[in-house]
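Okay, so here's the structure we're looking at.
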Amino acid sequence: MKKILLLSFTLFALFTTAQQSYYNGLDFSKSGVALKEDLATRITSTHTNFLVYTPGVWEASKVTDVNPENSSEVLLIYGYAASGDMSRTRGLNDNGGAQGDWNREHVYPRSLGNPNLGTVGPGADAHHLRPADVNYNSLRSNTIFADGSGNSGNVAGGWYPGDEWKGDIARMMMYMYVRYDQVCLPSRVGNGSNANTPDDMVDLFLKWNAEDPVSDFERQRNTYHGNTANTYAQGNRNPFIDNAYLATRIWGGDPAEDSWGIFTTQDTEAPTTPTNVVVSNIATTSFDISWTASTDNESVSGYNVLLNGNNVGETATTSFSTTNLTPNTNYSVTIIAKDVANNNSAPSTAVNTTTLADTTAPTTPTNISISNQTGSSFQINWTASTDDSGILNYELFLDGNSLGTTSLTNYNVTNLTASTTYVVTIQAEDIANNKSSLSQPVNAITTDGSNNINEIFFSEYVEGSGFNKAVEIVNLTSNNVDLTPYTIKRQSNGIWEAPLSLAGKTININDVFVIINASALDVKLNEEADIKVPNETPMTFNGDDRVGLFKNDVLIDIIGDLNGTDDFGRDITLRRNSDVTKPTINYSEQAEWTFYASNTTSDIGNFNGTLSTENNLLESFKMFPNPTSGNTISFTTFRDLEISIFNVLGKLVQSKEISNTNNTIDIASLAKGIYLVKVKDDKNTITKKLIKK
């Protein structure tokens, strides 16, 4: 019998209620990677309490892994015997590192993570940390899992966890993969094939998940961690414990048990057709839709909203707000109901409507200011215009001549003449091609070039929770800077460690360069990163390590006092003050830096009005001719890009990868009309409008 644990029906009912409310709002008619991504979002957003390895994980284990038959014991992973290294139980407080103790087994071995999981973040995630006999834990070490039978132990090609534990193992590996993605790949820890799954999941874990059903002991652990009222609860749950069949929905393989009973139903009856579809609040680029709910013999899981026959969104309610439509355009609205068994109703009776015509020009750009002046460049900044349909872009003029367009509210101007006055004006354009009047002219004066900033320096330092570590370098000089001569080093206990080379990289004028730990989970850090460094020096600083910027192996800038040992920068963000214009090896907290709370990353990618890499992508990218009556469009870019063209209903109609040498797309097959062109590089995305006449 699976772990010989029988909890009361009342307790099981509580488990069921908790898991159902935890997943409210998710669309379980989805499957495959789409369902996996939804679950990843849920278990990540609810992971609100990040346990520390000591004592947090110890204390959590003493609650979650208590033997229900003896509250003074914990159950040991892989255990099966009454005593010795293979014991199934051990005294609750007999934890430590000595023989006869139990310690914390990383079921997903730290060394097999990509990078090493360490003892924070994934390395301290209690969903895969289990009590284990010290010696037996050492015997397993980091051996990958392999199939076998009977009790746990080494088998040809790996480690078999035992008949009664293999399902637990599978579900923990599924959780770690969904929660941490590429950091915890199943193929690195399981001896199996991923040939028949949509991603890296291996068939071994799908097999174990089906063969060894979820136990009440697993549910006990899951329920504790899902309740943040518990001191050492993480706040998130393992979905594959709540319903093992979710793995079948995502990855296929042998069907696991459907504890909710909603996927393996024999339901073939479609919901009734939605009725009373009403369109309201019609505007130039949007309108609202409402309808009367459908009914179903089981339950309606949601509705698909279609415009002109194309699916533009899904909702679990009986209302939907459309956006990003084209002014003065006819739309046919229909609604389809669906249930969890993927039965779809017939489309509702079509309701026709027309968006309002847009004849109103945007407001005129205001509050134009000039910053970061040098002998050959400056930056233009302004307050965004408003419009009833939405701003498409701004066109900038220098002495009456067009500089170009941008969808941002700042623009870098380069290749100017020193000690010269330029007249700047700006005009806003909306998506219906209505243009504002020109802004009030503003004079911009370049410097004489004699006091230009001539060196890059650190502008931000982030030492946040887990792997959220980053440094930012800014270029306020009047030229693009080749980073080949530069390196970054960490100083630990007075010793400068192995350098991080920046060779081959460049920082453009008024731009920043962001370097992060590759295991950082912070969204903003990942969005702005120019380099993601594995969990190794120098991106493993912990508050008492100094970080130095070197040029030709000579220290030119430093965060922290040189050769210092005090804990100056733990759990904080440091931003260089805006009046700092050059590097220094004489670190001064009060004079040059401002402190912010842990995990403050809102300003990363920007310093004193500088642009981020995304902005440079916008300004370097050109698409022409536009509008066009021809069959080819061309692009100007200095990097490899993915181009995707969508019609106004959001349907992909064409895509291509381009470069500075392969930079044209044939659009002969496209009908006349308005299209959205999505431009993507390795970490940024922008959207432009294309008009084919």
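The values are calculated or read from the model by the stated rules, or taken from the named source; none is laboratory data. Everything numeric in this text was worked out from a predicted model, so none of it was measured. Quick reminder, even Gly has a Cβ in these numbers, built from the backbone with ideal geometry, and neighbours come from all protein chains shown.
Tabulated results
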{"quantity": "All strands (runs of 3 or more DSSP E) inside segment 37-121 with 2 or more residues being under 23 Å from residue 174 (Cα atoms) and in the same structural domain as residue 140 (by TED's automatic domain parsing)", "calculated": "102-106"}
{"quantity": "Some residue of segment 449-465 being without any contact (Cβ under 8 Å) to a residue 40 or more places away in the chain and either assigned to a strand (DSSP E or B) or among the β-branched types (Val, Ile, Thr) (or both)", "calculated": "no"}
{"quantity": "Helices (runs of 4 or more DSSP H) fully within segment 153-262 counting 1 or more residues that are within 19 Å of residue 131 (Cα to Cα) and modelled with pLDDT of 95 or more", "calculated": "166-180, 216-225, 239-242"}
{"quantity": "Residue check, residue 71 out of contact with any Asp or Glu (no Cβ under 8 Å at 6 or more places or on another chain), at pLDDT below 90 and of a type in the set (Ser, Thr, Tyr)", "calculated": "no"}
{"quantity": "Segment 284-293 - residue that is at pLDDT below 95 and buried (at least 20 other Cβ atoms within 10 Å of the Cβ) and, of those, farthest from residue 342 (Cα to Cα)", "calculated": "284"}
{"quantity": "Residue, farthest from residue 272 (Cα to Cα), within segment 344-357, restricted to residues that are in contact with a strand residue (DSSP E or B) (Cβ under 9 Å, 6 or more places away or on another chain) and assigned to a loop (DSSP other than H, G, I, E, B)", "calculated": "355"}
{"quantity": "Residue within segment 493-512 that is crowded, with 20+ Cβ neighbours inside 10 Å and either assigned by TED's automatic domain parsing to the domain that holds residue 375 or touching an Asp or Glu at 6+ places or on another chain (Cβ under 8 Å) (or both) present", "calculated": "yes"}
{"quantity": "Meets criteria (in the same structural domain as residue 371 (by TED's automatic domain parsing) and surrounded by 14 or more Cβ atoms within 10 Å (Cβ to Cβ)) for residue 428", "calculated": "yes"}
{"quantity": "Qualifying positions in segment 43-61 - closer than 18 Å to residue 221 by Cβ and either crowded, with 17+ Cβ neighbours inside 10 Å or polar (S, T, N, Q) (or both)", "calculated": "43, 46, 47, 48, 49, 51, 56, 57, 58, 60, 61"}
{"quantity": "Segment 586-634, residues that are closer than 25 Å to residue 679 by Cα, outside any loop (DSSP other than H, G, I, E, B), at pLDDT below 80 and not basic (Lys, Arg)", "calculated": "611, 613, 614, 615, 616, 617, 618, 619, 620, 623, 624"}
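Residue-wise test of (1) over 30 Å from residue 478 (Cβ atoms); (2) in contact with a Phe, Trp or Tyr (Cβ under 9 Å, 6 or more places away or on another chain).
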{"site": "305", "(1), (2)": "yes, yes"}
{"site": "310", "(1), (2)": "yes, no"}
{"site": "324", "(1), (2)": "yes, no"}
{"site": "367", "(1), (2)": "no, yes"}
{"site": "375", "(1), (2)": "no, no"}
{"site": "378", "(1), (2)": "no, yes"}
